[in-house]
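J.: Here you go, one structure.
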Amino acid sequence: MERVDLLQIYYFMRLTRELEDRTRKLFLQGKVAGGVYTAQGHEATTVGAAMVLRDGDCIAPQHRDLGMHLVRGGSPRAVMCQWLARGNSPTLGRDGQIHIGDMHHGIVPMISLLGESLPVACGVALSIKRLKRPAIVLASCGDGATNTGQFHEALNFASVQKLPVVFLIENNGYAYSTPTYKQFALQDLADRAKAYAMPGESVDGNDVLAVMATVGKAAAYVRSGQGPALVECKTFRVRGHSEADKADYVPEELRAEWLGKDPIKQFEEYVSREKILTAAIKTEIEARIKQVVNDAVNFAEQSPAPDPATVADYVFAPDGLISMVGTPGAQDPRYINALDQRTGQPFTTMSKTPLTLPEEVGRR
Amino acid sequence: MTAMTYLDAISQAIREEMRRDEAVFLLGEDVGSYGGAFKVSAGLLEEFGPERVIDTPMSESAIIGSAVGAALMGMRPVAEMQYIDFITCGFDQIINMASKMYWRVGMPVPMVIRGPSGGGTRGGPFHSSSPEAWFFHTPGMKVVVPSTTYDAKGLLKAAIRDNNPVLFLEHKLLYRQPELRAELPEEDYTVPLGKAIVRREGEDMTMLTYGAMVYQCLKAATVLEEEDDLEAEIVDLRSLTPLDRETIMESVKHTNKVLIVHEDTQTGGIGAELAAILAEELFEYLDGPITRVAAPDAPFPYAPPLETAYLPNAEKIVTAARKLAAY
């Protein structure tokens with residue numbers, strides 16, 4: 001892999017972690033209403049999987065997939081406006097957490113009910129296949145969601161219809177307080193693939209290069225038109241289900257073991273050892289991340305609260321033409337799905353300025 | 001030009017919309033090779049191919065969820081529930097994905113969920129549902145209930161062209177009824193959502209109704225005219241959401257008495273909401289209590305005498321109307 005690409009991976013993993021750390025701080029300061037769900041320890045899984053994707057691909061992420069959003073160009077400002085329930089968030093303050101998405105940029109907005117995004121991902125994939133596009137959908141869920149009926153309906157439907165979906169299971173050991181041994185009799189969730197005649201593979205979810213290789217292999221299979229594939233990333237939720245959850249049901253030795261396998265620490269050791277990450281580059285990356293995070297928080301803190309008078313507005317979409325997402329001219333304003341008709345403005349899910357690490361950083 | 005059935009009109013609507021717009025496609029159980037359990041989609045697979053007429057597994061959440069995903073991409077899926085009763089198997093995709101999506105993230109979900117509803121066919125508790133109240137109560141869902149062959153075609157076309165999730169409730173009893181046969185215009189036409197229609201004019205009371213009950217009301221109105229010299233005005237709602245308040249209120253303002261008739265169970269049925277609206281907004285115009293004729297609060301029974309006793313019919317409507325008229 002190119003040096004610049006390895007630094008990109010490191011950068012996105014760090015950015016994901018720093019943005020979530022800042023969210024946690026805001027929560028402790030009482031600035032975030034409701035629940036805060038973060039994903040310390042998931043960074044190799046989420047960043048690694050998303051790094052494999054190409055232009056035109058789609059993700060159907062869940063609540064611990066901030067890393068995927070960021071790799072695909074999602075806006076940290078939008079994320080902070082969501083957490084701070086601002087009136088200019090992508091949901092106008094109507095929904096929280098990272099329940100955001102932009103179909104034109106291939107992000108399906110999640111809901112709180114888990115497993116539900118998988119049939120929706122099938123519908124996106126069905127359209128991609130009908131339109132004969134080379135794109136794929138990366139649809140994620142946790143170990144918990146693999147027990148829902150909708151997980152099974154989605155995998156079954158995708159497999160019989162040969163839909164271009166990579167189903168990514170983020171097995172982090174717990175569904176809230178319920179450990180995996182109480183959830184299912186299987187050891188490896190990749191084995192669920194057999195029930196749907198699709199390839200399934202497990203991988204160390206804390207090793208970002210291993211994740212990229214495994215998801216990359218699955219993506220290549222799916223792109224070949226042979227149907228969907230399943231990848232199980234074995235990782236661990238080192239924090240609580242939400243920030244309000246101390247998670248003292250997790251044995252301390254288990255948590256300590258996984259903290260020792262922190263994905264960022266492991267990757268940093270690797271790229272430092274290989275002299276890809278120098279002290280100077282690390283400092284520069286950290287400065288960039290700090291700037292991005294501060295900008296996002298400042299922007300959100302200066303954004304207005306939502307207007308209560310409009311709470312019951314925009315329940316129904318207006319009449320008008322709808323464009324096929326991804327066709328040339330799809331974002332022409334004459335199509336009502338090209339803009340957010342509630343504001344008359346473009347959707348705000350995506351970052352206006354590129355988030356990616358500039359190439360010259362890798363060449364220093 | 002031959003008269004066609006209510007079912008033919010639905011088939012034609014789907015076919016014409018699929019010809020008109022490549023984004024429209026059909027998915028559901030047995031809709032493809034078999035042509036649908038009621039043969040609504042007969043011939044569509046042959047004309048449009050398996051990518052646009054999809055035989056799905058028995059997976060209502062996947063059917064409806066896929067429709068949401070496809071709609072988000074700009075397609076216009078028509079998801080069939082083989083019997084509308086089975087919609088409960090896909091309930092969450094409707095409530096938490098489809099209906100909240102636009103309000104939540106500003107992305108429209110142009111999809112139709114359609115299927116045969118209603119009783120009178122000895123279908124029993126799981127093949128006779130009137131599910132409209134659950135979805136009438138769901139912000140973000142439109143609910144449409146055609147009673148005539150003309151409306152079945154026009155409303156379905158409008159529903160398919162609408163940019164929101166629309167629940168299109170066909171009545172299985174009306175599918176092949178000879179009395180409903182009609183010659184339809186050759187040219188393309190739609191019936192707008194949100195517009196009720198007066199099926200019969202009268203001065204003495206308004207009957208608010210929809211679906212198959214329109215015909216029971218018409219029968220009752222004939223009896224009331226001949227035997228009691230009472231003229232009932234019948235308003236066929238056609239759209240439950242959006243509701244045509246204007247037509248309803250215009251009617252009640254000049255009749256001053258309201259009888260609401262629906263096949264669905266009484267408590268929390270559409271009638272309860274209509275009654276509340278009229279009590280709140282037209283109180284001064286009412287010369288009698290708002291009255292409902294509906295099925296009792298029990299699941300839908302199977303045995304013929306039970307079904308007959310359970311369903312509202314012209315006789316029960318006449319009894320209620322006479323009582324209201326006498327007030």
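The values are calculated or read from the model by the stated rules, or taken from the named source; none is laboratory data. Everything numeric in this text was worked out from a predicted model, so none of it was measured. A quick note on method: Cβ atoms are made from the backbone with ideal geometry, for glycine too, and the neighbour counts reach across all protein chains shown. Quick note on the areas: whole protein, heavy atoms, side chains included, nothing else; ligands and nucleic acids left out. Shrake-Rupley method; radii C 1.70, N 1.55, O 1.52, S 1.80 Å.
J.: Using the crude model of +1 on Lys and Arg Cβ and -1 on Asp and Glu Cβ, and no other charge, please compute the dipole size for region B:1-151 relative to its Cα centre, in debye to 20. Present the calculation step by step, with values, prior to reporting the outcome.
T.: Working: 11 positive and 17 negative charges, 78 e Å.
It works out to roughly 380 debye.
J.: Let's see if you can work this out: charge +1 on each Lys and Arg Cβ, -1 on each Asp and Glu Cβ, no other charges. What is the dipole magnitude of region B:283-327 about its Cα centre, in debye to the nearest 20? If you can, show how the numbers build up before the last one.
T.: Numbers: 4 positive and 5 negative charges, 23 e Å.
I would put it at about 100 debye.
J.: Moving to a separate point now. Just going by the charge dipole of the protein assembly as shown, with Lys and Arg at +1 and Asp and Glu at -1 on Cβ, which of A:A312, A:Y181, B:M4 is farthest out on the positive end?
T.: It is A:Y181.
J.: Name the residues whose placed amide hydrogens come within less than 5 Å of the amide hydrogen of A:I59, ignoring near sequence neighbours (fewer than 5 apart) on the same chain.
T.: So A:I59 has HN proximity to A:I107, A:V108, A:L138.
J.: Can you work out ³J(HN,Hα) from phi for every residue in region A:170-176, in order, using Karplus 6.51 cos²θ - 1.76 cosθ + 1.60 and θ = phi - 60°, giving whole Hz and x for Gly and Pro?
T.: 9, 8, 9, x, 9, 10, 6
J.: Whole-Hz Karplus ³J(HN,Hα) for region A:195-209, in order, using 6.51 cos²θ - 1.76 cosθ + 1.60 and θ = phi - 60°, x for Gly and Pro?
T.: Running phi through 6.51 cos²θ - 1.76 cosθ + 1.60 with θ = phi - 60° gives 5, 10, 6, 10, x, x, 9, 9, 8, 5, x, 9, 10, 4, 6 Hz.
J.: Express the Stokes-Einstein translational diffusion coefficient of chain B in µm² s⁻¹, to the nearest whole number, given a Kirkwood radius over alpha-carbon pairs, 37 °C and a viscosity of 0.692 mPa s. The partial results should precede the final answer.
T.: Working: Rh = 20.1 Å.
Estimated diffusion coefficient is 164 µm²/s.
J.: Can you pull out the trypsin sites (Lys or Arg not before Pro) in region A:224-268 that DSSP calls coil and that have at most 15 other Cβ atoms within 10 Å? Walk me through the numbers on the way to the answer.
T.: Values: sites: A:K234, A:R237, A:R239, A:K246, A:R255, A:K261, A:K265; in loops: A:R237, A:R239, A:K246, A:K261.
The qualifying sites are A:K246.
J.: In degrees, nearest 10, range 0 to 90: what is the angle between the Cα axis of helix B:213-228 and the longest Cα principal axis of chain B?
T.: Helix B:213-228 and the main axis of chain B meet at about 20 degrees.
J.: As I understand it, the dipole of chain B uses +1 on the Cβ of Lys and Arg and -1 on the Cβ of Asp and Glu, about the Cα centre. Which of B:V318, B:V145, B:A196 lies farthest toward its positive end?
T.: B:V145
J.: Return one whole number: the accessible area per residue of chain B in Å², for a 1.4 Å probe. Walk me through the numbers on the way to the answer.
T.: Values: 11900 Å² over 327 residues.
So chain B comes to 36 Å² accessible per residue, rounded to a whole number.
J.: Relative contact order for region A:94-185: what percent, with Cα pairs under 8 Å and sequence separation of 6 or more?
T.: Relative contact order comes out at 27 percent.
J.: Moving on to the next point. Rolling a 1.4 angstrom probe over the protein chains, ignoring ligands and nucleic acids, what is the accessible area of A:H105 in square angstrom, nearest 10?
T.: 80 Å²
J.: Nearest 100 Å² is fine: how much accessible area is buried between B and A, summed over both sides, with a 1.4 Å probe? Mind showing how you got there, number by number?
T.: Details: alone 13980 and 16740 Å², together 26680 Å².
That pair hides around 4000 Å² of surface in total.
J.: Given a 1.4 Å probe and the protein chains all in place, what does the accessible area of A:W258 round to, in Å² to the nearest 10?
T.: 40 Å²
J.: If r is the Cβ-Cβ distance from A:K246 to A:Q183 and R0 is 25 Å, what FRET efficiency results, to the nearest 0.05?
T.: Numbers: r = 21 Å, r/R0 = 0.83.
Taking R0 as 25 Å, the efficiency between A:K246 and A:Q183 is 0.75.
J.: Enter the angle in degrees (range 0 to 90, nearest 10) between the Cα long axis of helix B:6-20 and the first principal axis of the Cα atoms of chain B, meaning the one along which they spread out most.
T.: The helix B:6-20 is inclined about 40 degrees to chain B.
J.: Express the relative contact order of region B:58-172 as a whole percentage, based on alpha carbon pairs under 8 Å and six or more residues apart in sequence.
T.: Numbers: 209 pairs, mean separation 33.9, N = 115.
For region B:58-172, the relative contact order is 30 percent.
J.: Further question: Among B:A42, B:T56, B:I94, flag the residue with its Cα farthest along the positive direction of the charge dipole of chain B, charges on Cβ as +1 for Lys/Arg and -1 for Asp/Glu.
T.: B:T56
J.: Find the relative contact order for region A:34-128 and round it to a whole percent, using C-alpha pairs within less than 8 Å whose residues are 6+ positions apart.
T.: Working: 110 pairs, mean separation 23.9, N = 95.
Taking the mean separation of contacting Cα pairs over the length of region A:34-128, I get 25 percent.
J.: Right, here's the next one. Rounded to the nearest 20 debye, what is the charge dipole size of region B:122-259 about its Cα centre when +1 sits on each Lys and Arg Cβ and -1 on each Asp and Glu Cβ? The partial results should precede the final answer.
T.: Numbers: 16 positive and 23 negative charges, 179 e Å.
The dipole magnitude comes to about 860 debye.
J.: Ignoring everything but the protein chains, give the 1.4 Å probe accessible area of B:R20 in square angstrom, nearest 10.
T.: Taking all protein chains as shown, B:R20 has close to 140 Å².
J.: From the phi angles alone, apply the Karplus equation (6.51, -1.76, 1.60; θ = phi - 60°) to region A:63-80 and give each ³J(HN,Hα) in whole Hz, x where the residue is Gly or Pro.
T.: 6, 9, 10, 4, x, 5, 3, 5, 4, 8, x, x, 8, x, 4, 4, 4, 5
J.: Here's another thing I want to ask about it. Which residue, B:T206, B:T241, B:T267, has the most motion in a Gaussian network model of chain B that connects Cα atoms within less than 10 Å?
T.: For chain B, modelled as a Gaussian network with Cα springs under 10 Å, the answer is B:T267.
J.: Moving on to the next point. Can you compute the modelled spin-label distance between B:K39 and A:D313, with each label point 7 Å from Cα toward Cβ, in nm?
T.: For B:K39 paired with A:D313, the spin-label model returns 5.2 nm.
J.: Could you list the residues of region B:9-31 with an amide nitrogen less than 17 Å from a label point located 7 Å from the Cα of A:L321 in the Cα-to-C-beta direction?
T.: Under 17 Å, as judged by backbone N against the label point of A:L321, lie B:20-24 of region B:9-31.
J.: Taking the alpha-carbon centroid of each part, what is the distance from region B:241-287 to region A:16-53 in angstrom?
T.: 51 Å
J.: Still on this structure, please answer the following. State, to one decimal in nm, how far the label point of A:E269 lies from the label point of B:T222, with both points 7 Å from Cα in the Cβ direction.
T.: Each label point is offset 7 Å from its Cα along the Cβ direction, giving 8.8 nm.
J.: Also, quick follow-up: Roughly how crowded by other chains is peptide A:125-131, in terms of the mean Cβ count from those chains within 10 Å of each of its Cβ atoms?
T.: Counting Cβ atoms of other protein chains within 10 Å of each residue's Cβ and averaging gives 6.
J.: List every residue whose amide H lies under 5 Å from the amide H of A:E201, counting only residues 5 or more places away in sequence or on a different chain, with H placed 1.01 Å from N in the peptide plane.
T.: So A:E201 has HN proximity to A:L230, A:V231, A:E232.
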